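*Asks:* Got a structure for you, questions after.
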């Protein structure tokens, strides 16, 4: 019954102390300033936020490259030659260096780089377990080739003491020592990044292109709204070391292009533009990784006179991967009310604790 018929009220104590009163007011001003200026205004505590981004990205490359071919020949390459495959999801590959091998379906000696293929008789080529580096199905024959510049008294070439196992498949095998063909002019190529995004919470859609887009090149100071970047600029942003950049062009590399949208939807949505950052993802060559750069193989196959032919290309190059993130905020009365209520509660809690601390300090001084 006492619970129903009685209630308590706080007891107020008036303390006459200039030092403690000034300290209390300073702490109150600091807390109020922090909560108002930083949490409500700077951190936009009056907005509801959406970090879910639905995006669609299209990448288009432009540029003309050239490859020097012996003797004194030049091959001109355009987008259809060096962008492989022609279309990817949120990525693009630019071939900057390649090795080509013309092959046909036949039988021939294995690659000299495969140590298990070196033989002195047919038995060494028979009943061999599977080797991942094999170029085809071994026939069981050991092929000997004449040693260069060695001829006996009868004028016949002398066979070498060791041979190579014969295989059936695409011949001749790819020779890693073959001279690669470097595509010149890659740093001056451009990539157009076309992005469309939506913040589903607000139903707001936008893009990274201005309405009156004209031919331009991105510049972080003078032309930061242009979505067209040179490969040279992206390489320099992703890798500071010029030696590493040269090796990336020769042996390949992977670069992440991150688009981060930080949008204040209380303003015009056209003012919402992404920030571009470029990060290298592959392991630097100076760290001597097990697998360096980025490369893959592809073929062009045809048939002529009942024989099968193909051109095997080992492509090195730069692979650009796009990631999109974002944060959009818009005024919301309920969010503002909740944050103000939380700040008032925090302010009251600090005020009560500080007053109690000051009161204890004064009592201790009086007792002493």
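*Asks:* Which of these, 208, 305, 332, has the largest mean-square fluctuation under a Gaussian network model of the chain (Cα springs below 10 Å)?
*Replies:* Fluctuation is largest for 305.
*Asks:* Which one of 138, 302, 170 has the biggest mean-square fluctuation once the chain is modelled by GNM with Cα springs under 10 Å?
*Replies:* 302
*Asks:* Once both labels are modelled 7 Å past Cα along the beta-carbon direction, what's the residue 333-residue 16 spacing in nm?
*Replies:* 4.9
*Asks:* Using a simple spin-label model with points 7 Å from Cα along the Cα→Cβ vector, what separation in nm is obtained for residue 23 and residue 243?
*Replies:* Simple spin-label model gives 6.1 nm for this pair.
*Asks:* Quick check: residue separation of residue 291 and residue 137 times 0.36 nm, minus the Cα distance between them. What number comes out in nm?
*Replies:* Going from the current span to full extension adds 52.8 nm.
*Asks:* Among 240, 219, 211, 90, which comes first, second and so on when ranked by fewest other beta-carbon atoms within 10 Å?
*Replies:* Ranked by crowding around the Cβ, least crowded first: 211, 240, 219, 90.
*Asks:* Please arrange 171, 125 by how many other C-beta atoms lie within 10 Å of their C-beta, fewest to most.
*Replies:* Ascending Cβ contact count within 10 Å gives the list 171, 125.
*Asks:* Could you work out which residue, out of 87, 179, 96, moves most in a Gaussian network model of the chain, that is, has the largest mean-square fluctuation with Cα springs under 10 Å?
*Replies:* Largest GNM mean-square fluctuation: 179.
*Asks:* List the residues of the range 252-282 whose backbone N lies under 14 Å from a point placed 7 Å from the Cα of residue 201 along the Cα-to-Cβ direction.
*Replies:* 262-266
*Asks:* Follow-up question, since we're still on this one. Tell me what the chain gives for mean residue ellipticity at 222 nm when only DSSP H runs of n ≥ 4 count, each as -39,500 (n - 2.57), the sum divided by the residue total, rounded to 500 deg cm²/dmol.
*Replies:* -6500 deg cm²/dmol
*Asks:* State the extension gain, in nm to one decimal, for the chain segment bounded by residue 269 and residue 309, taking 0.36 nm per residue of separation less the distance between their alpha-carbons.
*Replies:* 8.8 nm
*Asks:* Angle check, please: helix 333-367 long axis (alpha carbons) against the longest principal axis of the chain (alpha carbons), in degrees 0 to 90, nearest 10.
*Replies:* It works out to around 60 degrees.
*Asks:* Could you state the number of Å between the C-alpha centres of the range 241-290 and the range 51-128?
*Replies:* 24
*Asks:* Here is a further query. Could you check what % of the DSSP bridge pairs in the range 235-349 are antiparallel, to the nearest 5?
*Replies:* Bridges in the range 235-349 that DSSP calls antiparallel: roughly 60 percent.
*Asks:* If you don't mind, another one. Give me the percent of DSSP beta bridges within the chain that run antiparallel, rounded to the nearest 5.
*Replies:* Counting DSSP beta bridges with both partners in the chain, the antiparallel share is about 85 percent.
*Asks:* Is the C-alpha gyration tensor of the chain telling us rounded, prolate or oblate? Criteria: a/c under 1.5 is rounded; beyond that, a/b larger than b/c is prolate, otherwise oblate.
*Replies:* prolate
*Asks:* Helix 242-251 against the longest principal axis of the chain: what's the angle in degrees, Cα atoms only, rounded to the nearest 10?
*Replies:* That works out to roughly 50 degrees.
*Asks:* Continuing with the same structure: What does the extension gain come out to for residue 62 and residue 32, with contour length at 0.36 nm per residue minus their alpha carbon separation?
*Replies:* Length gained between residue 62 and residue 32: 5.3 nm.
*Asks:* Where does the range 1-113 land on the Kirkwood hydrodynamic radius, alpha-carbon pairs, in angstrom?
*Replies:* 24.4
*Asks:* Right, next: Name the residues of the range 301-322 whose amide N is less than 15 Å from a point 7 angstrom out from the Cα of residue 69 along the C-beta direction?
*Replies:* Flagged as within label range: 311-313.
*Asks:* Contact order normalised by length for the chain, with contacts defined as Cα pairs under 8 Å and 6 or more residues apart; what percent is it?
*Replies:* This gives 22 percent for the chain.
*Asks:* Measure nothing fancy, just the Cα-based angle from helix 18-33's long axis to the longest principal axis of the chain, in degrees from 0 to 90, nearest 10.
*Replies:* It is inclined by approximately 40 degrees.
*Asks:* Now a separate question. Would you mind classifying the range 230-324 by shape? Square roots of the alpha carbon gyration tensor eigenvalues, ordered a ≥ b ≥ c; an a/c under 1.5 is rounded, otherwise it is prolate if a/b is larger than b/c and oblate if not.
*Replies:* oblate
The numbers here are math on the coordinates, done by the rules we state, and not lab data. Quantities reported herein were computed from a predicted structural model and do not represent experimental measurements. Ideal geometry is used to build each Cβ from the backbone, glycine not excepted, and the neighbour counts take in all protein chains shown.
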